[in-house]
1. Does MET150 satisfy the criteria of being closer than 27 Å to GLU51 by Cβ and either in contact (Cβ under 8 Å) with a residue 60 or more places away in the chain or assigned by TED's automatic domain parsing to the domain that holds ILE52 (or both)?
2. Can PRO710 be described as closer than 16 Å to GLU586 by Cα, surrounded by fewer than 20 Cβ atoms within 10 Å (Cβ to Cβ) and at pLDDT 85 or above?
3. Restricting to region 311-368, what's the tally of residues that are assigned to a helix (DSSP H, G or I) and among the β-branched types (Val, Ile, Thr)?
4. Conditions: (1) at pLDDT 90 or above; (2) surrounded by 15 or more Cβ atoms within 10 Å (Cβ to Cβ). GLU334 meets all but one. Number of the miss?
5. Which one of SER573, SER635 is under 30 Å from VAL529 (Cβ atoms) and modelled with pLDDT under 80?
6. Output the number of residues of region 586-630 satisfying the condition of being hydrophobic (A, V, I, L, M, F, W, C), without any contact (Cβ under 8 Å) to a residue 40 or more places away in the chain and part of a loop (DSSP other than H, G, I, E, B).
7. Scan region 44-53 and tell me whether some residue there is modelled with pLDDT of 80 or more and closer than 30 Å to ALA920 by Cβ.
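The values are calculated or read from the model by the stated rules, or taken from the named source; none is laboratory data. No experiment lies behind these values; they were computed from the predicted model shown. Cβ: placed from backbone, ideal geometry, glycine included. Neighbour counts: every protein chain shown.
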Amino acid sequence: MAEEIDDNEFYRENFSADSDWEVFNAQLGEILQKWDVSSDSDVGRSLRPEEIFHCKWKVQQEKLDILMNRNGIEVEYHQAVLDEDELTAREEIKENTCLQRTICHEDLMSLGNSFGPPIRSTQDLHTLARIYGLRRFIVMHPASPNLKYMKSTSEFNFFLSAAAVVAAEVQSVVPIFVQIYDPKWNFYTGLALAPALRTNFRLIGLEKAPPECRFLMGLLTLFREKVPSSYNQAAKISVCTTYALDTMRIRMPMYVPFDHGLSSEDIVVDGEVFQIELQNFYALPHGYTPESCTEIYLVYTWPELSEHVAFDSEQRTDFIPSKAPLGKVYLSVEASSYLSCCLKYYQSVGEITRSLESYVGRNFSGISSGAEGASNPLDRITSHKLSPGRDRRYNLPSQAGLTKRLPGPKTESELSELLAYLFPDMHPDMALYPYSKNNFKDKFDPMRIKSAAADSLVCRLSCLLANCHAHLGGVEGMAQLWAAFTRQLRLLWDNSLTVPGISAGFPDTRTCLLHQKLQMLNVCVERRVQQEAIGKKRKSEGGKPSSQEGPEAEDEEDDEGEFFDCDEPTAGSGSPTKAVLSLKPEGRLKRLNDERLLEEPEEYLYIPETQEPVPKTEDQLQDDAEVMLKLGPCSGLTTQMMCTSLLSDMEAFKAANPRGQIEDFIRWYSPKDWEEVSDENGQKKHQLSVRMTTEGNTWLKVWEQAQAVPVSRQKRLFDDTNEALKVLHFMETRKIHEIYNLTVIPLLHSAILKLIDIFSNAQVEDIFTPQIEQLLGDLCRVSRSHSDELPAIKPILDNLSELESRFYQFKCFERLSGCPNRIALPQVKQQFEEILRNENCCTIVNRRLTAAGDGTLYDILIPKLEQDMAERLISKDYIIRLDGDTKSTEKGLYLGPQFMRAIVTGEKLRLCGAFTESTAFL
């Protein structure tokens, strides 16, 4: 019996299923419809000369999954973003009535966008835009081209046929390209469709081309063989030759402040030496690395010629520099500055979260504050006050402990040299750079960068820290310097000496936090000195007490004029209760004009002596705001925090005006709340404002609580000792990344000021003014950012590095021009401004505008080419164009554009063709 066969196990191919090619076509069609590539109406006008090389580009990307390519296919739509000019576009549309002509045809025939700069200054410009001058196109390539790229003919045909079918279905007028072979070769094949026309794009490359194909005559023969014979007119020729001059190097040796053994002067570098000079000293390195150089290219162009006019073959050529109608010089600079490297290297400090103690040990601050100050701080002020005119070094009884060597790479003498730069008054024998008082008045605009005054202590410290991190010991050297700096601050506080190089006054919240902290320390020192001076003065004026009065009278005399730190008023002869009962005025400063008390018209209204305002730094104000926000507006503690100063002033007013009322206090303290009104009879009178008479008013509550206590017996609102110790503790407990956050803005500010000084000394500050203003504006925005974390400063560093490269480029261009022997500096600066505007390019000859060149740079460069022209030629670029009758209005009469580009580099030849054929009879 025959076995039954179950054919269900056999594979059956389903011929009704969609193939990979059909699936890919459907996906590609959806993408093209989404991008709306079927119309030229939104593209606009014709291209301006060289616009395609300088405009911005918009790139859209989509990824398609396909079985035959496991990595998928990526489709990119490149479109140039042009300036809108609707009026010009409308006029061109009216003039161009040819039904078959598209924007692609316009771009291929655009003579103004034939040749781009030999230096690719931007990566946004695609190779196809440079070759064909297209403003928009689509590229298909493997999603990971470096891993698997197209290398077989079957793959080429698969995607190219799909592109042709889909373009016809969606009526696309945008060229579609397929990238083939290795991506670094830049090989593309593609097509563009128009009504009854098809343009085929092909690229080929020959490592060793036939000699006749390296010149125009042979290329014209090849071009004519590819073009239909129906074109009767002559072809248009565009030619560009590029020459390379010798690479120019200028040696600008490295200079590192405070490291006399570190310099690049001993490094043998070819090229003439140029020393960078400054008018002011900045503790930052400068100079350029030995590898810095500027490459110079001369590009001569023949934009439009007829094929019958020019001759170019192996035997003779008309394309020589002296006959070129247009000549330009391009400067490609590669310069690395030690200043930029130092700043970029300092960025890594912001990621180090280690504490300062881990580098220099726990007891790096030396003798604690107050240990040596218990004897008499006033004596120290008078006997040890610093003076620039002293012949000997400043010495203190405790200096042996305070100058104990800190762990780190720098020796004690090296550290002393750095401290002498920061504190010149404390080291008069070593100090070379005293602080100038003018720096704190004229050069710093606090409404801009949140930094500090130029060449202030904050700026000097920031520069030294970056310099130490880069050249003088790394992070360890930087930590060692910061520890020594904080030790010096504690030494100044222990001896009641102000910190030098800091702006006077209360902490200015318009400056950086580090500057505010040092200002707070100075305020504490000034308050301490002031209180000690007042106490000693009153003690001397009171004289010695008699023996009958006893020691109690002496103690009472010592306490006069002093603030009390107790929470409640002290009982005794100076108690508030006795002051109120006796109605004896105390603590009067002066009369308030001729104002009198409302309840006692015979008595004048006196302004009391009050405590000075309480200074606070930015972080303290922020902490107070957060506390009050958490407590709420109705909290008693919030009211107490807000009204501490008000209570003190009310108590002093009551002591100076025992019979005064709250209306009298308002007349002095807040005149705007003492309003003038008219009664029913039209008579004018004064009364408190609405906010002062509202039920539950805080001012009324505080007035009821206030006692008549003169300022001499009030509790201090500002404890200078406590606040000074807070500042010192803040400085000594900073982690490395916190030190970076405190100093990076003053560091960048000082670096920009140093560049301004360099440019000013080289007489080129006017050239780089826009770039400098841009840097200052960017730094201002970064410094005033309200975010908790410091914004990224990398863009500022990149712009600063670019500016330094531009300066190196200018010095090379100055030497190339023969300044000052053959050309004046103003003319060099004028030409270099053109280089800055035109992306490293400067016109040296333009026979369209003038009969010859500029007479200087042109005359200098031409002899160099005539001597060894063949050796300096690096590439020739030929473009041959042929167009049909663009005025044809009937379909089928327009033949379409024919385009071929030949790039000759030595014996290598690269041909890029865009040939159009009619599809009416295909």
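1. For MET150, the condition - closer than 27 Å to GLU51 by Cβ and either in contact (Cβ under 8 Å) with a residue 60 or more places away in the chain or assigned by TED's automatic domain parsing to the domain that holds ILE52 (or both) - is not met.
2. So PRO710 does not fit the description; no.
3. Summing the residues that are assigned to a helix (DSSP H, G or I) and among the β-branched types (Val, Ile, Thr) in region 311-368 gives 2.
4. (2)
5. SER573
6. Going through region 586-630 one residue at a time, the tally reaches 0.
7. Keep residues of region 44-53 that are modelled with pLDDT of 80 or more, which gives 46-53.
Filter once more, keeping what is closer than 30 Å to ALA920 by Cβ: 46-47.
Among the residues of region 44-53, at least one is modelled with pLDDT of 80 or more and closer than 30 Å to ALA920 by Cβ, which makes the answer yes.
Yes or no, residue by residue, for (1) in a loop (DSSP other than H, G, I, E, B); (2) touching a residue at least 12 places away in the same chain (Cβ under 8 Å); (3) over 15 Å from THR916 (Cα atoms):
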{"position": "ALA167", "(1), (2), (3)": "no, yes, yes"}
{"position": "SER172", "(1), (2), (3)": "yes, yes, yes"}
{"position": "THR189", "(1), (2), (3)": "no, yes, no"}
{"position": "ARG202", "(1), (2), (3)": "no, yes, no"}
{"position": "THR241", "(1), (2), (3)": "no, yes, yes"}
